[in-house]
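One structure below.
Just so it is clear, none of the values below were taken in a lab; they were calculated from the coordinates. Just so it is clear, the structure is predicted and the values come from calculations on it, not from any experiment. Note that we place each Cβ from the backbone using ideal geometry, even for glycine, and neighbour counts take in every protein chain shown.
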Amino acid sequence: MTPIQKVIKEKNIDLKPIWLMRQAGRYLPEFRKIRAENTDFMKLCFNKILSQEITLQPLRRFNFDAAIIFSDILVIPFGLGQDVKFEKDYGPRLGSFNLNNVLEVQEIDFTNNLKPIYDCLKSLRKNKLLNNKDLIGFSGAPWTILFYMLNKKSPKQDSSFKKFLKKENDIFRLLEILEKFIKIHIKNQVESGATVIQLFDSWAGLLSEAQLKDLVFGPTKRIVQYVKSLNVPIICFPRGIPNYENFVNEVIPDAISIDDMTNPEIAAEQINIVVQGGLKPELLLGSKEDLKKEVMKYLGIFKEKPYIFNLGHGVPPNTDPGMIDYLVKVVKNFQ
Ligand code: CP3
């Protein structure tokens, strides 16, 4: 069994596996070089040779316990026929959305559209660098994907989503479709060699308690049950929600990734499944002393619990790779 599987399936408390969200990305000069030569980000995600290379870049430098496939959550709208572009200093920009077109998409066409991702996973699984390591597949959760499809840009640009929530029937039809295709995307990744699945609900924090129940808990719970039936662990990351305990009790994932607003002591006490993450990403931009102090705090709090080390969100693009090296060493020395 791989390290994360041991923590999740056997509740191992001696291993404290470490991987980081956005461990492959702009803080690495070798990523920036490939990115500069490949200005179309979506094309890069569908280049199975380069996406394999980018996935492996952090593992060549650091002793991480897992690789996460280099891809994006917005491959789902792309696979459903919506145009997706990334613009410099703006972020994602999606094309026009038509519910009837999306309702007509067939499973086989969706899978064909995303085939390079599955091919990439298949060859990664055979790579020696991944011996005894996890290969993490992922998807966006229905709410976050729905948000991007209808808002057509990041909420950092415009978060006034109440206008599209008014079309209630359409929202629930789209959520159902997304649930179906997210399950297909996950199944395809598991069949291609992913040993763990992470579900990113990056914009769950925009919703009220009542909206969370309707738009997040229900569809996510059904996806979690489905992934459990595939016998692969699923980690949920509903970023920014006020009450992780509620989410865990309703959705019952195998593990929960906490953000940096979540008090780790309370999480360790009240959450009865495996916890992942939590460390403030900005600590990577400060001193080694401060970083070590906080890392030791998390490791101390979760010493007697099954825990996966990670951040509360992605690695900041301006991180010095030396700080990642230091972080991994501190975590590994603790074991
Ligand atoms: O290393 C990894 O974590 C794996 C690869 C990965 C990427 N995106 C690559 C990427 C993963 C897991 C994601 C998930 C993702 N993508 C999320 C969920 C996690 C989160 O950050 O909340 C979201 C919301 C997206 C959508 C997305 N992709 C946005 C909003 C942006 C632009 C903002 C930004 O950071 O520039 C991206 C681009 C993106 N996805 C980059 C990378 C490495 C940066 C691309 C670049 O070089 O410009």
Sorted by chain and number, the residues with a modelled amide H under 5 Å from that of PHE138, at a separation of 5 or more or across chains, are GLN198
The simple spin-label model distance between ARG26 and ASN318, using points 7 Å out along Cα→Cβ, in nm, is 1.1 nm
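Please report, in debye to the nearest 20, how large the charge dipole of the stretch 50-150 is about its Cα centre when each Lys and Arg carries +1 at its beta carbon and each Asp and Glu carries -1 there.
Values: 11 positive and 11 negative charges, 114 e Å.
Rounded to the nearest 20 debye, it is 540 debye.
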Given the candidates GLY312, THR2, MET21, the one whose Cα lies deepest towards the positive end of the charge dipole of the chain, counting +1 at each Lys or Arg C-beta and -1 at each Asp or Glu C-beta, is THR2
In whole Hz, the Karplus estimates of ³J(HN,Hα) for the stretch 68-81 (6.51, -1.76, 1.60; θ = phi - 60°; x where Gly or Pro) are 10, 4, 6, 7, 8, 5, 7, 5, 5, x, 4, x, 8, x
Extend 7 Å from the Cα of ASN132 along its Cα-to-C-beta direction; within the stretch 5-21, residues with backbone N under 19 Å of that point are 5-19
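With 10 angstrom as the radius, rank THR195, THR111, THR144 by how many other C-beta atoms surround their C-beta, starting from the fewest.
Working: THR195 21, THR111 17, THR144 26.
The fewest-first ordering by Cβ neighbours comes to THR111, THR195, THR144.
What is the stretch 239-296 by shape, rounded, prolate or oblate, if you read a ≥ b ≥ c off the alpha carbon gyration tensor as root eigenvalues and call it rounded for a/c under 1.5, prolate for a/b larger than b/c, and oblate otherwise? If you can, show how the numbers build up before the last one.
Details: a/c = 2.77, a/b = 2.28, b/c = 1.22.
Note, shape of the stretch 239-296 comes out prolate.
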Which of LYS156/LYS183; LYS16/LYS297; LYS33/LYS88 exceed 19 Å between C-alpha atoms? The answer is LYS156/LYS183
Quick calc: nm separation of the 7 Å Cα→Cβ label points for GLU209 and ASN263 -> 1.7 nm
Violations at 19 Å Cα threshold for listed pairs LYS303/LYS329; LYS6/LYS305; LYS128/LYS187; LYS122/LYS221; LYS6/LYS115 -> LYS128/LYS187; LYS122/LYS221; LYS6/LYS115
Projected onto the charge dipole of the chain (unit charges on the beta-carbon of Lys, Arg, Asp and Glu, signs +1, +1, -1, -1), the Cα from VAL295, ASN246, ILE324 with the largest positive-side position is that of ILE324
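Using a Förster distance of 22 angstrom, determine the FRET efficiency expected from the C-beta separation of ARG93 and LYS115, and round it to 0.05. Numbers along the way, then the final one.
Numbers: r = 24 Å, r/R0 = 1.10.
FRET efficiency, ARG93 to LYS115: 0.35.
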For LYS280, counting only aspartates and glutamates whose alpha-carbon sits under 12 Å away and dropping same-chain residues fewer than eight positions off, the answer is ASP259, ASP260, ASP290, GLU294
Note: probe point = Cα of ARG60 + 7 Å toward Cβ; backbone nitrogen < 13 Å; residues of the stretch 118-156 passing the test are 129
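Could you give the length gained on full extension between SER160 and ILE49, defined as 0.36 nm per residue of separation minus the Cα-Cα distance, in nm? It would help to have the intermediate numbers written out before the result.
Values: separation 111, 0.36 × 111 = 39.96 nm, distance 3.88 nm.
Contour length minus the Cα-Cα distance gives 36.1 nm.
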Taking 0.36 nm per residue of separation between PHE172 and LYS221 and subtracting their Cα-Cα distance, the length gained on full extension comes to 16.1 nm
For the stretch 154-257, the dipole about the Cα centre with charges only on Cβ (Lys and Arg +1, Asp and Glu -1), to the nearest 20 debye, works out at 260 debye
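What percent does the relative contact order of the chain come to when contacts are Cα pairs within less than 8 Å and at least six residues apart?
Values: 568 pairs, mean separation 73.1, N = 335.
Averaging sequence separation for qualifying contacts and normalising by length gives 22 percent for the chain.
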Between ARG125 and THR39, the FRET efficiency computed from the C-beta separation at R0 = 30 Å comes out, to the nearest 0.05, as 0.55
With -39,500 (n - 2.57) per DSSP H segment of 4 or more residues and division by the full residue count of the chain, the 222 nm estimate, nearest 500 deg cm²/dmol, is -14000 deg cm²/dmol
